[in-house]
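S.K.: This structure is in structure tokens; I'll ask about it shortly.
No value in this document is a laboratory result; all are computed from the given coordinates. Bear in mind the structure is a predicted one, so any value in this text is a computation, not a measurement. Because the Cβ atoms are built from the backbone with ideal geometry, glycine has one as well, and the counts that use them run over all protein chains shown.
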């Protein structure tokens, strides 16, 4: 079976939000010159065939700088068609607190080493991921 990694702060069923937020402080002491750790907002892997990385941004903000480069490299390194497909999704939200990633709108995505802009902001992250699963796996096989 595939696995799903969820950011705890996005999980409405988790009861101790303050503990989760403070746990991100564990990365602050790790630094090598200008290199610092970063997080991935969401990751879905299914049957070692489909890999989906999700990064959320407030408003319609693009990935930039070192974060963009690192996520591109990660996604591209995993992508190995026809057996393995990797997607990097950028999802826009307007939340001030917890983010409902499922309802966030996809603004752009990377696949096969290329960026694709989503002109009409009509696909939620849930719908986009659902379609990718159907294309590459089939829902009856997960």
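S.K.: How much length is gained if the chain between residue 60 and residue 83 is pulled fully straight, taking 0.36 nm per residue apart and subtracting their Cα-Cα distance, in nm to one decimal?
M.R.: Additional length available on full extension: 5.0 nm.
S.K.: Suppose each label sits 7 Å from its Cα in the direction of the beta carbon; what would the residue 31-residue 115 distance come out to in nanometres?
M.R.: 2.8 nm
S.K.: Also: Suppose we keep just the DSSP beta bridges with both residues in region 56-113; what percent of those would be antiparallel, to 5?
M.R.: 70 percent
S.K.: Apply 1/(1 + (r/R0)^6) to the Cβ-Cβ distance of residue 130 and residue 49, taking R0 = 25 Å, and write down the FRET efficiency to the nearest 0.05.
M.R.: Result of the calculation: an efficiency of 0.95.
S.K.: D for region 42-142, whole µm²/s, Stokes-Einstein with Kirkwood Rh over alpha-carbon pairs at 37 °C and 0.692 mPa s: what number?
M.R.: The estimated diffusion coefficient comes to 237 µm²/s.
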